[in-house]
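Coordinate-derived values only; no laboratory data. Bear in mind the structure is a predicted one, so any value in this text is a computation, not a measurement. With ideal geometry, Cβ positions are generated from the backbone for all residues, glycine too; neighbour counts draw on all protein chains shown.
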Amino acid sequence: MNRFLAASALALAVALPLPALAQDAEEDFTVLREDVWQWALDNSPWLATNIGDRRGDGQLGDPSMEGYDRRLGETREFLTRLEAIDEDALPDNLAIDYALLERDFRDTLEASEYEQDRYITFTNRGGPQNTIAGLPYSSPLFTMADYDSYLTRLESFPEYIQSFIARNEGGIERGLTQPCEPMAGYEDSISGLIAESPEQSVWWQAFDTRPSGIAESDWEQLQVRARSAISEGAFEGLGTFLEYYQEDYAPNCRAGASPGIGETPGGQDYYAYRVRSFTTTEMTPQEVHDLGLSEVARIRAEMEEVAAEAGFDTREAFIEHLRTDPQYYPEDEESYLEHTAALAKEIDGWMPRLFGKLPRLPYTVQPIPAASAPGNTTAYYERGSIATGQPGIYRLNLTELDQRPLWELPALGVHEAVPGHHHQISLQQEMDIHPLRANGTYFTVFVEGWGLYSERLGIEMGLYDTPAKEMGRLSYEMWRASRLVVDTGIHSLGWTRQQAVDFMLENTALSPGNISAEVNRYITWPGQALAYKLGELKIRELRVRAEEALGEDFDLRAFHDTVLENGAIPLDLLEEQVDAWIAEEMAA
């Protein structure tokens, strides 16, 4: 707070009674919050589209360094306004919003202190090609205005790519690029989207069916424009990015013995920041590493017990059986999808028994788009929107089916769909909270911690009814525990990629193909993988606390609703909210 603001606040404190001060604080904050929300919509056209706001029509956003710096300056201005408001004078619901805004602003500004945040703009899992490839799935396609926005975005893609490339050129100049090994084959995710004709591309599916509100003559004109937009927009932009990646970026990838971000200038400090940011804790990389080793030892002992139950002398023998016996693997893509979808419907039936509040938005099971599937993870969730007519999508990787065991599907489904990501994210979108929180806040440690906690709920659903499925659940938990060790090992302790692969091969039941893809992800996305286990451990800790405090009065559905009722929030704030609920229940 500057001295002028401090003096103004002091003068008000002398001149006005407390109720007026509280009223002023509330009014100032609600105005600021709305300004931040409108700013978010102005700067995030995809977010605007997702909630049915037309201001983002035809826009892709600004990936340039100039745009980055402009947004930073505006964030500083917002933080200054926030600091001038007396947080203690706000009612509880606004105090939560205040805390979330303050954390978000400070986190954004701290990140900008590191050049890695400025110049490393994509991972081995994605980049601008994924953004444009998702356009048919994330766009409302009902009216002429919808189609105009859709095609304008395709037409503007080459300009977007030029700005994106210019920013990454600064990274090449500073030696801030992704490591070489985990980026092997990345160019295929770009070239795979360039089809022989517009009609064979992913973007033409928007023209499979003419909406009833669009006349036949207008539809024909849209198709003519679409052919040009796809060829001269999407294909041209992708071609430019492909050429840049192959000729400029890939030859300048980092090739040191350790691929960790800690090997870059200032990288150790940057990684320590990433640990704090993704976990919303003050834990150091070494503390996270040590916790991971402890969790790995605990889960390993449980895996030994399951292996013995299955009739195997060792955990390793059972895992080898699970990795190699054909009975555990899908016959073809169709059967894999059908099995996953049927299991999802079985899990749906449990939801009213676990939650008092359910979202309206449905979800579906679909493949990961073919161009981005190779080298990608086993599955992921894609948020939907009632405003755009888009369901939530539980996406499944249909490549390398000999690496996709059926025994992992129960844990995978409860994490990605319900009661995991689809339930939590869709519920947050529909909550009676300010839209900035309903749509604009995303704390990975909460979202992914909830996803991993949901895997444990599969025990109560009876999903892990064979030793193979139970080992699948434990392998997934071990996978997340191993991340604590591997991510910190790579980025803080100087591990090689092979050390990380060997650790996961030794401790998890994941297939070698999955492990390779996962390690590449951890290398190119420092710190993100830490959020899962730390978030899950906190939610489990809070549940045990509530069960012990409330005894027979503990209501699991009410507990779950309490955990989710504020959307994705940092772990310290979650603990405060659950403790308050426990106190209310005990006083009732």
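Report, in deg cm²/dmol and to the nearest 500, the calculated mean residue ellipticity at 222 nm for the chain, where each DSSP H run with n ≥ 4 adds -39500 (n - 2.57) and the sum is divided by the residue count. Walk me through the intermediate numbers first.
Working: 28 runs with 362 residues, N = 588.
When only DSSP H runs of four or more count, the value is -19500 deg cm²/dmol.
Loop only by DSSP, 11 or fewer other Cβ within 10 Å of the Cβ. Give me the chymotrypsin sites (Phe, Trp or Tyr not before Pro) in the range 174-206 that pass, ordered by residue number. Mind dumping the intermediate values first?
Values: sites: Tyr186, Trp203, Trp204; in loops: none.
Those that pass, being in a loop and sparsely packed, number zero.
Residue by residue through the range 372-377, what is 3J(HN,Hα) from phi via Karplus (6.51 cos²θ - 1.76 cosθ + 1.60, θ = phi - 60°)? Round to whole Hz and write x for glycine and proline.
9, 6, x, x, 7, 6
Separation between the Gln327 and Asp88 pseudo-spin-labels, each 7 Å from Cα along Cα→Cβ, expressed in nm?
6.7
What's the ranking of 550-563, 517-530 by average number of surrounding C-beta atoms within 10 Å, highest first?
Details: 550-563: 15.6, 517-530: 24.4.
The most tightly packed comes first, giving 517-530, 550-563.
As a test of the definition: which semi-axes, in Å, follow for the range 517-588 when you take the square root of five times each eigenvalue of its alpha carbon gyration tensor? Largest first, please. Could you put the intermediate results ahead of the total?
Values: eigenvalues 192, 27, 17 Å².
Each semi-axis is √(5λ); the values are 31, 12, 9 Å.
Once you have the Cα-Cα distance between Ala297 and Asp42, take 0.36 nm times their residue separation minus that, and quote the gain in nm to one decimal.
Numbers: separation 255, 0.36 × 255 = 91.80 nm, distance 4.83 nm.
Taking 0.36 nm per residue and subtracting the Cα distance, the gain is 87.0 nm.
Do you know the relative contact order of the chain, to the nearest whole percent, from alpha carbon pairs under 8 angstrom that are 6+ apart?
Values: 809 pairs, mean separation 95.5, N = 588.
RCO, the chain: 16 percent.
Under the rule a/c < 1.5 gives rounded, and otherwise a/b versus b/c splits prolate from oblate, where does the range 122-164 land using the Cα gyration tensor? Could you put the intermediate results ahead of the total?
Numbers: a/c = 4.81, a/b = 1.64, b/c = 2.94.
In terms of gyration-tensor shape, oblate.
Can you pull the one-decimal nm distance between simple spin-label points at Leu401 and Glu247, each 7 Å off the Cα toward Cβ?
4.0
If the chain between Val224 and Ala255 were fully stretched, how many nm would it gain, using 0.36 nm times the residue separation less the Cα-Cα distance?
Working: separation 31, 0.36 × 31 = 11.16 nm, distance 4.62 nm.
The span from Val224 to Ala255 would gain 6.5 nm if fully extended.
Relative contact order for the range 340-467: what percent, with Cα pairs under 8 Å and sequence separation of 6 or more?
Values: 156 pairs, mean separation 32.9, N = 128.
Once divided by the residue count of the range 340-467, the mean separation gives 26 percent.
If you take the C-alpha gyration tensor of the range 128-255, multiply each eigenvalue by 5 and take the square root, what semi-axes do you get, largest first, in whole Å? Mind dumping the intermediate values first?
Numbers: eigenvalues 223, 34, 26 Å².
After scaling each eigenvalue by five and taking roots: 33, 13, 11 Å.
Rounded to the nearest 0.05, what FRET efficiency is calculated for Glu159 and Arg54 with R0 set to 30 Å and r the Cβ-Cβ distance? Before the final figure, lay out each step's value.
Numbers: r = 21 Å, r/R0 = 0.70.
The value I calculate is 0.90.
Return a whole-number percent for the relative contact order of the range 268-535, with Cα pairs under 8 Å and 6 or more residues apart as the contact set. Kindly include the intermediate steps, with their values, before the conclusion.
Working: 387 pairs, mean separation 71.8, N = 268.
Relative contact order here is 27 percent.
Would you order Asp104, Asp69 from fewest to most other beta-carbon atoms within 10 Å of each residue's own beta-carbon? Numbers along the way, then the final one.
On the way: Asp104 20, Asp69 12.
Lowest to highest Cβ neighbour count: Asp69, Asp104.
Binning at 20 Å from 0, report for the chain what percent of all alpha-carbon pair distances ends up in each bin.
P(r) over the chain, rounded to whole percents: 18, 53, 26, 2.
Search the structure for amide H atoms under 5 Å from the amide H of Gln178, placed 1.01 Å from N in the peptide plane, and list their residues when 5 or more places away or on another chain.
Arg254
Show me the trypsin sites (Lys or Arg not before Pro) within the range 336-402 that DSSP assigns to loop and that have at most 15 other Cβ atoms within 10 Å of their Cβ. Write down the numbers at each step before the final one.
On the way: sites: Lys345, Arg353, Lys357, Arg360, Arg383, Arg395; in loops: Lys357, Arg360, Arg383.
Here the trypsin sites (Lys or Arg not before Pro) that fit, given the DSSP loop and packing criteria, are Lys357, Arg360.
Give the residue list of GluC sites (Glu not before Pro) in the range 382-452 that are DSSP loop and have at most 14 other beta-carbon atoms within 10 angstrom. If you can, show how the numbers build up before the last one.
Numbers: sites: Glu382, Glu400, Glu408, Glu416, Glu430, Glu448; in loops: Glu400.
Sites meeting the loop and neighbour criteria: none at all.
Mind giving me the nanometre distance, one decimal, between the label points for Glu196 and Thr364, set 7 Å out from Cα along Cα→Cβ?
2.7
Would you kindly state how much longer the chain becomes between Thr284 and Glu74 on full extension, computed as 0.36 nm times their sequence separation minus their alpha carbon distance, in nm to one decimal? Write out the running numbers ahead of the final one.
Values: separation 210, 0.36 × 210 = 75.60 nm, distance 3.02 nm.
Taking 0.36 nm per residue and subtracting the Cα distance, the gain is 72.6 nm.
Which whole DSSP H helices in the chain pass both tests: a Cα extent of 15 Å or more along the axis and a mean Kyte-Doolittle value no lower than -0.5? Before the final figure, lay out each step's value.
Numbers: long enough: 3-15 (18 Å, 1.84); 18-43 (37 Å, -0.38); 65-83 (27 Å, -1.21); 92-111 (29 Å, -0.38); 144-155 (16 Å, -0.65); 157-173 (24 Å, -0.33); 216-229 (19 Å, -1.24); 267-279 (18 Å, -1.00); 285-309 (36 Å, -0.37); 333-348 (23 Å, -0.62); 444-461 (25 Å, 0.29); 467-491 (35 Å, -0.40); 497-507 (16 Å, -0.68); 512-524 (18 Å, -0.37); 531-550 (28 Å, -0.39); 571-587 (24 Å, 0.12).
Those that pass (Cα extent of 15 Å or more, hydropathy at least -0.5) are 3-15, 18-43, 92-111, 157-173, 285-309, 444-461, 467-491, 512-524, 531-550, 571-587.
Just how far, in whole angstrom, is the range 40-88 from the range 413-432 if you go by their alpha carbon centroids?
25
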